[in-house]
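Student: My questions all concern the structure below.
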Amino acid sequence: MAEFDYDLFVIGAGSGGVRAARVSAAHGAKVAIAEEHKVGGTCVIRGCVPKKLLVYGAHFAEDLKDAQKFGWKLASKPDFDWPTLRDNVLAEVERINGAYTDTLKNHDVEIFLERATVEGPNTITFASGETKTAKYILIATGAWPHIPEFPGSEHAISSNEVFHLEKLPKRILIAGGGYIANEFAGIFNKLGSRVTLINRTDVILRQYDQSIRDRLLQISITKGIEFCFNAEFESIEKQEDGSLLVKATGYDPREFDQVLIATGRRPNVSGLGLENAGVALDDTGAIIVDDYSKTNVDSIYAVGDVTDRVQLTPVAIREGNALAETLFNDNPTTVDYDAIPSAVFSHPPLAAVGMTEGEARNKLGSIKVYLSDFRAMKDVLAERNERALYKMITDAVTDRVVGLHMIGPDAPEILQAAAVAVKAGLTKADFDNVVALHPTMAEELVLLR
Ligand code: NDP
């Protein structure tokens, strides 16, 4: 009789957990996974996927307007129906949830749709009281929106609820200056809401290159998004008519129909019972792991946002994959965190790989910066006064491209391909050696002077 019920028990069926479960099972391990909400996790259920679909939906506002410059006559004034977009997006989420569930089942991964907590180094307990044992336990419970504490914060929503709104708010206040705040500012602005973004500092998207974030700020203001900087919440009061009266430092009280808080996400460890097994956390509550995603307890591993290494879905997937290779394919594997491309699906989107100009100057000293500041051809004809900006940073000594930063139409699509060159360590001369593909926006990358 086997010593344990399973070889691997995964808690959390998000991107990292599902990948680890599926690949471990493919390598012959007996695997179970517990999920208290829906298979797919944040990215599929209330993150990247539904957000990107809303971005597409919102972008039609510009496309329909620009179309008229290209000769299209609209029979009537375009009208937007939020419930149609919302329900179609949620239906797509259900479809992907089903596909993920099928994938797990096809790999003979046993799925428990209930909350599981850690009882000991090799034991987990379900809410029902039933226990299971496993040779290895993987914690892949992700992160959870952090809501600062202040009077009335319960009247605000987080990115968990934003996909389910009954109606489109006429006036929305979005708190935070990061990924979620800028992406939803763009979405609601294009869908017709009056958007105000409030942040505790005067910096948005602090980890991105300054020229790129300055350009986003300038374009966002031009589109009508209002920014309130250096402001912290004092209170939110719900008024009789349902509107929310917001008081924030340095600003007059203002009414909004909805307040969305996007001030970061914290590792989701609350009530998981990690203390029962003595799993060590850092000051932020993140599970401390080594290069192989192993915690201080030999039988317990953790991947994805719960470890707060890099809070990105493809990173969690890589960590899950590496774990399966290490534990069940006799192939110890680590994840390379260098030159991870990332993007913000704002309007317009921005994307980056490698060092910002500031980081490169600090690290390398001698660098070269190449810029292309241009208006996309389509935007010129549409008389859309919005300029794209591409920035390449090279090591002045070796000519190696160490950073690429872009804002403009399709920037994430273009950057994903260019990131291969940056990751491979190619030089500016290598970029210059490639003949331009004309007319594209991406050709700017091989024409930088
Ligand atoms: P971010 O970490 O991107 O931004 C957090 C913002 O909130 C910052 O502007 C920060 O201000 C502010 N902030 C942080 N703590 C507080 C606080 N206690 N009170 C008030 N303001 C605060 O977080 P998001 O919530 O936007 O996103 C969470 C994570 O989800 C991201 O880190 C990202 O990894 C992931 N994500 C990725 C996406 C993508 O890849 N496109 C899309 C959406 C999310 P300041 O910087 O001024 O200190």
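Student: Would you mind listing the helices (runs of 4 or more DSSP H) fully within the range 348-449 where at least 1 residues are of a type outside the set (Lys, Arg), without any contact (Cβ under 8 Å) to a residue 40 or more places away in the chain and under 30 Å from Lys190 (Cα atoms)?
Tutor: 377-381, 411-423
Student: For the structure I just gave you, tell me whether Gly408 is among the small types (Gly, Ala, Ser), open to solvent by less than 30 Å² (accessible area, probe 1.4 Å), at positive phi and under 25 Å from the mean Cα position of the chain (by Cα).
Tutor: yes
Student: Could you tell me whether any residue of the range 211-229 is open to solvent by 10 Å² or more (accessible area, probe 1.4 Å), assigned to a helix (DSSP H, G or I) and within 13 Å of the ligand (Cβ to nearest atom)?
Tutor: yes
Student: Quick check on my filter: what residues within the range 288-311 are within 16 Å of the ligand (Cβ to nearest atom) and open to solvent by less than 40 Å² (accessible area, probe 1.4 Å)?
Tutor: Once the filter is applied, which keeps residues that are within 16 Å of the ligand (Cβ to nearest atom) and open to solvent by less than 40 Å² (accessible area, probe 1.4 Å), the range 288-311 yields Val303, Gly304, Asp305, Val306, Thr307.
Student: I would also like to ask the following. Only helices (runs of 4 or more DSSP H) wholly contained in the range 9-119 count here; list those with 1 or more residues that are within 18 Å of Ala143 (Cβ to Cβ) and under 25 Å from the mean Cα position of the chain (by Cα).
Tutor: Hits in the range 9-119: 15-26, 41-46, 48-67.
Student: Of all residues in the range 276-303, which are over 25 Å from Gly264 (Cβ atoms) and of a type in the set (S, T, N, Q)?
Tutor: Passing the criteria: Asn276, Asn296, Ser299.
Student: With the requirement that a residue be assigned to a strand (DSSP E or B), open to solvent by less than 60 Å² (accessible area, probe 1.4 Å) and polar (S, T, N, Q), what does the range 120-136 give you?
Tutor: Across the range 120-136, the qualifying residues are Thr123, Thr125, Thr133.
Student: Looking at the range 186-204, I want the residues that are closer than 19 Å to Lys65 by Cα and have a partner that is within 12 Å of the ligand (Cβ to nearest atom) and among the polar types (S, T, N, Q) with Cβ atoms under 6 Å, at least 6 apart or on another chain. Which pairs are those?
Tutor: Gly186/Ser346
Student: Being of a type in the set (Val, Ile, Thr), touching a strand residue (DSSP E or B) at 6+ places or on another chain (Cβ under 8 Å) and either open to solvent by 40 Å² or more (accessible area, probe 1.4 Å) or part of a helix (DSSP H, G or I) (or both) is the filter here; which residues of the range 325-347 pass it?
Tutor: Ile340, the sole residue that qualifies.
Student: Let me ask something additional. Suppose we keep only residues that are open to solvent by 20 Å² or more (accessible area, probe 1.4 Å) and over 18 Å from Glu232 (Cα atoms) within the range 174-190. Which one would you say is nearest to the ligand (Cβ to nearest atom)?
Tutor: This residue is Tyr179.
Student: While we're here: May I ask you to verify whether Ala339 is within 16 Å of the ligand (Cβ to nearest atom), farther than 30 Å from His27 by Cα and within 19 Å of the chain's Cα centre (by Cα)?
Tutor: So Ala339 does not fit the description; no.
Student: With in contact with a Lys or Arg (Cβ under 9 Å, 6 or more places away or on another chain) and away from the ligand (no atom under 16 Å from the Cβ) as the only criterion, which of Glu319, Glu357 stands out?
Tutor: It is Glu357.
Student: Name the pairs: first residue in the range 280-304 and closer than 23 Å to Glu325 by Cβ, second residue outside any loop (DSSP other than H, G, I, E, B) and among the charged types (D, E, K, R), Cβ to Cβ under 7 Å, at least 6 apart or on different chains?
Tutor: Ser293/Glu319; Ser299/Lys135; Tyr301/Lys294; Val303/Glu319; Gly304/Glu319
Student: I'd like the residue in the range 245-268 that is away from the ligand (no atom under 16 Å from the Cβ) and buried (at least 21 other Cβ atoms within 10 Å of the Cβ) and, out of all such residues, is farthest from the chain's Cα centre (by Cα).
Tutor: So, considering only residues that are away from the ligand (no atom under 16 Å from the Cβ) and buried (at least 21 other Cβ atoms within 10 Å of the Cβ), the one farthest from the chain's Cα centre (by Cα) is Phe256.
Student: So, in the range 411-444, exactly how many residues are more than 30 Å from the chain's Cα centre (by Cα) and open to solvent by less than 70 Å² (accessible area, probe 1.4 Å)?
Tutor: Total meeting the criteria: 4.
Student: Give the residue, chosen from Leu389, Leu350, Leu447, that is open to solvent by 20 Å² or more (accessible area, probe 1.4 Å) and either touching a Gly at 6+ places or on another chain (Cβ under 7 Å) or at pLDDT 95 or above (or both).
Tutor: Leu447
Student: Follow-up question, since we're still on this one. Which ones in the range 149-173 are open to solvent by less than 60 Å² (accessible area, probe 1.4 Å) and either modelled with pLDDT under 95 or more than 16 Å from the ligand (Cβ to nearest atom) (or both)?
Tutor: If the condition is that a residue be open to solvent by less than 60 Å² (accessible area, probe 1.4 Å) and either modelled with pLDDT under 95 or more than 16 Å from the ligand (Cβ to nearest atom) (or both), then His155, Leu165, Leu168, Pro169 are the ones that fit.
Student: Mind listing whichever residues of the range 248-288 are part of a loop (DSSP other than H, G, I, E, B) and among the aliphatic types (A, V, I, L, M)?
Tutor: Scanning the range 248-288 gives Ala262, Val269, Leu272, Val279, Ala280, Ala286, Ile288.
Student: Looking at this structure, is Gly285 open to solvent by less than 30 Å² (accessible area, probe 1.4 Å) and at positive phi?
Tutor: Here the answer is yes, as Gly285 does meet what is asked.
The values are calculated or read from the model by the stated rules, or taken from the named source; none is laboratory data. All of these numbers come straight from a predicted model, not from anything done at the bench. Methodologically, a virtual Cβ is constructed for each residue, glycine included, from the backbone with ideal geometry; neighbour enumeration extends over all protein chains shown. Surface accessibility is based on the protein's heavy atoms, side chains included, excluding ligands, DNA and RNA. Shrake-Rupley method; radii C 1.70, N 1.55, O 1.52, S 1.80 Å.
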